[in-house]
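The values are calculated or read from the model by the stated rules, or taken from the named source; none is laboratory data. On a predicted model such as this, the values are computed, not experimentally measured, just so you know. Cβ placement follows ideal geometry from the backbone for every residue including glycine, while neighbour counts extend to all protein chains displayed. Heavy atoms of the whole protein, side chains included, go into the accessibility calculation; ligands, DNA and RNA do not. Shrake-Rupley method; radii C 1.70, N 1.55, O 1.52, S 1.80 Å.
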Amino acid sequence: MMHLDFNAMTSPTFRQNPYPVLAALQANPGVVHLSPGLVESWHILRYDDVRHVLLTPEVFSSNRALQAQGDFADANLGFLFNNMISATGDRHRRLRMIGNRVFMPKFIESFRPAVETVVEERMEMALSGEEFDLVEDFAARITVAMITAILGLPLADMEQIRRWTAVLGDNSGASTWLSEIDPSMARRGRETGEELTAYFKDHLEHRRKHPREGDLISAFSSVEVDGQKLSEGEVLSMAMLLLLAGNETTTNLITNFVRLLDAFPDQAARLRAYPDMTQGAVEETIRMRNSIRNIDRFALEETTLSGVTIPKGGLVVVWLTAANRDPGQFDAPDDFRPDRTPNRHLGFGQGLHLCLGAPLARMETQIAARAILERTRAIDLTQPAELGINANFDNVIRQMVRFHAK
C-alpha cells in the first residue's frame, strides 16, 4: 500500500486538506487497516462499502460499550453517549421512537420564525462593512441560539456551551489516532463530562420544580413508548448529544457554505442570481463538506469488504466524507454543483441511525444561506482559516470575513 500521511490528529497536512489522501486510499485499496493509536482500526472509504456498513447494524454495531475502557475512554468522552447513537436492538427502537415522536416536522417548523429572527439580526451585524469572525460572530450565534431555545436552556450559557462542545470535538476518536493519550486530554474529557452532567442535572431539577412545554427536554421527559419513559440518565445523554449535534455541526455547515462560495465564484454568482437554488446548494455543501467526516462501528463477526478481512470486534471507521466524493457515485465529485441531481450523499448517515436532527440542520442552514445570497454581492475571506485540531470533523474554528451588501 502507498505511504500517505493519514492521521486525523497528528498530521497538519491531512487536517488542512484530507481529500487527496482520502481519494488515493479510496481508489486503492478502499479499506485501510491502521494501527496508529491505542486500538487497531479498519477505515472504509468507498460509497458502496460505507452504505453497506451503515445499513447492516446486525454486523456493524454502533454500541460504544464495545470500546475499551480506561484513560483514553475518558479522552474520547464515550461515557457521555448513553443514547440512540450507541443503542442497539430493542433499546435503540424505544429511544428512536421517542426521538421521532418529539422531533416531529411540526415541532421543527415551530422554530422557523426564531431562526429567521436571529439570522436577520446576524445579517445586520455582518453587513455593517466591518471585518468579523464568520464562525463565532455569525454561524455559532445562530446555531447556539437555536439549540438553547430548542432544549430550553438559557442563552446566557452560550459561551460555556461553546467551550464544552470544543472539548467534545477535539477529543473525538483520540484512541484511534494517538498511541499515547496526553493526561491533560483525558483530564479535560473527564472534567467536561462531569461539568456537562452536573449542568444538565441542575437544569432537569429546575424543570421538575418549574414545568413548562415547548422544548425538547420537557418533551423527552414526558413521552412514553411501550409504557416506558426515558430514565434521567437517558434524558441527560440525549440532551448532551443534541447539544453537540445541534451546535457544532450546523455551525460548520454554515461556515463551509460561505467558504464554498469563495472557492467556486461562478457558482456563487449563479446562486445570487437564482437564490431558489439554495436548497440544492445546502445539500451540495453537506455532500462536499459534511461536518462529521467519519463515524465508528464495531464488527460483530468476521467480515470482508473490498477484499479486506475485518475481524470480529474490529473498530470500523466509516468515512462519510470520502463516500460523498466517490467518483463511482458522483460525477466530478470535487466540483460544487448546487443543481446536482440526484444527490444521494451520506452526510447525515443512513439507515437506523440516520441523523435525527437533519431537518433542523437543513432548515437553519437554508435560512442563513438564502439570506447571504439575497443580501450580499460579494464576500471576502480576509484571513486564512484557522482549523480545529481534529480532522475527524470539517471544523474551521476561525474565519475572518467581510460581507459586501447589495
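Its relative contact order, with pairs defined as Cα atoms under 8 Å and 6+ residues apart, puts the chain at 28 percent.
In the full protein context, the stretch 6-405 carries 41 Å² of accessible surface per residue, based on a 1.4 Å probe and ignoring ligands, DNA and RNA. Placing +1 on the Cβ of each Lys and Arg and -1 on the Cβ of each Asp and Glu in the chain, which of 401, 6, 99 has its Cα farthest towards the positive end of the resulting dipole? The listed residue farthest towards the positive side: 99.
Using a Förster distance of 35 Å, how high is the FRET efficiency between residue 24 and residue 273, based on the Cβ-Cβ distance and rounded to 0.05? Computed FRET efficiency for residue 24 and residue 273: 0.45. The listed residues 330, 393 rank as 393, 330 when sorted by accessible area, largest first, using a 1.4 Å probe.
Using a 1.4 Å probe over the heavy atoms of the protein chains, calculate the carbon and sulfur portion of the accessible area of the chain as a whole percent.
51
This model, with +1 at the C-beta of Lys and Arg and -1 at the C-beta of Asp and Glu, gives the chain a dipole about its Cα centre of some 720 debye.
Applying a 10 Å radius around every beta-carbon, put 297-303, 139-145 in order of their mean neighbour count, most first. Numbers along the way, then the final one.
Details: 297-303: 17.9, 139-145: 23.7.
With the highest mean Cβ count within 10 Å placed first, the list reads 139-145, 297-303.
Site pair residue 309 and residue 213 shows an inter-label distance of 6.0 nm when each label is modelled 7 Å from Cα along Cα→Cβ.
Is any residue of the stretch 88-115 close enough, with backbone N under 15 Å, to a label point placed 7 angstrom from the Cα of residue 228 along the Cα-Cβ axis, and if so, which? What the label zone holds, given the 15 Å backbone N cut-off, is 88-99.
Highest mean first, what order results for 50-60, 11-21, 189-199 on Cβ atoms within 10 Å?
Values: 50-60: 18.8, 11-21: 15.4, 189-199: 17.2.
The densest-packed peptide leads the list: 50-60, 189-199, 11-21.
Put 404, 210, 345 in order of accessible area, highest first, and with a 1.4 Å probe you get 210, 404, 345. In order along the stretch 221-238, the phi-based Karplus estimate (6.51 cos²θ - 1.76 cosθ + 1.60, θ = phi - 60°) of 3J(HN,Hα) comes to 6, 10, 6, 10, 9, 6, x, 10, 9, 5, 6, 4, x, 5, 4, 4, 5, 5 Hz; Gly and Pro are listed as x.
The solvent-accessible area of residue 181, taken with every protein chain present and a 1.4 Å probe, is close to 30 Å².
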